[in-house]
Amino acid sequence: MSHQGATTRRDPRHKLSQGIGFVEFEIDDSRNGRQRGDLTSVSVAGLTFEVDTDAGMEKGMLVQAVTVLIGECVVEGDLAVKYVRRVNESRTETGCVFYPSSHTGAEKWLAVVAVMKAVCVD
């Protein structure tokens, strides 16, 4: 049996409509202060978000003390940057692994992903 060309993501991403969620963060060496990006997708292991300017993110960077807001839910944690790509001249997308900072945060995150899985059409 051949699986050539077939790929299955073990951790599917669930795309979000604009305005549903946000990511707030601060880069240590940035003069921009605390920044806010639009959350564009979530998965069990991570998230993607877009910002209007170059946020100073680089592949491999660890960003601590991040706040993820989805509706009324707030989850604190850290991000490990997997990739940064330019969407257009003024927007950048960043894909990250998300590490909730507490057991309660991890439970909240899994609940958020479960809800997004149920309501999002990927």
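Data table
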quantity: In the stretch 54-80, the residues that are small (G, A, S) and touching a Phe, Trp or Tyr at 6+ places or on another chain (Cβ under 6 Å); calculated: G77
quantity: Positions within the stretch 55-67 being under 21 Å from R34 (Cβ atoms), surrounded by fewer than 16 Cβ atoms within 10 Å (Cβ to Cβ) and among the small types (G, A, S), in sequence order; calculated: A65
quantity: Test: residue in the stretch 58-76 that is in a helix (DSSP H, G or I) and either within 22 Å of P12 (Cα to Cα) or out of contact with any Lys or Arg (no Cβ under 8 Å at 6 or more places or on another chain) (or both); calculated: no
quantity: Considering residues of the stretch 82-113 that are in contact with a Leu (Cβ under 8 Å, 6 or more places away or on another chain) and hydrophobic (A, V, I, L, M, F, W, C) only, the residue surrounded by the fewest Cβ atoms within 10 Å (Cβ to Cβ); calculated: V97
quantity: Residues of the stretch 68-77 that turn out to be loosely packed, with under 15 Cβ neighbours inside 10 Å and touching a residue at least 40 places away in the same chain (Cβ under 8 Å), as a count; calculated: 1
quantity: Hits in the stretch 71-122 - residues which are small (G, A, S) and either under 17 Å from F25 (Cβ atoms) or at pLDDT 90 or above (or both); calculated: G77, A80, G95, S101, S102, G105, A106, A111
quantity: Positions within the stretch 38-53 being under 15 Å from I70 (Cα atoms) and assigned to a loop (DSSP other than H, G, I, E, B), in sequence order; calculated: S43, V44
quantity: Given (1) within 13 Å of V42 (Cα to Cα); (2) aromatic (F, W, Y); (3) free of Cβ contacts under 8 Å to residues at least 40 places away in the same chain, index of the condition F98 fails; calculated: (3)
quantity: Number of the condition not met by A65 [criteria: (1) within 13 Å of the chain's Cα centre (by Cα); (2) among the aliphatic types (A, V, I, L, M); (3) closer than 21 Å to A111 by Cα]; calculated: (1)
quantity: Residue match in the stretch 16-33 (condition: basic (K, R) and modelled with pLDDT of 75 or more); calculated: no
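The values are calculated or read from the model by the stated rules, or taken from the named source; none is laboratory data. If you're wondering where the values come from, they're calculated on a predicted model, not measured in any experiment. A quick note on method: Cβ atoms are made from the backbone with ideal geometry, for glycine too, and the neighbour counts reach across all protein chains shown.
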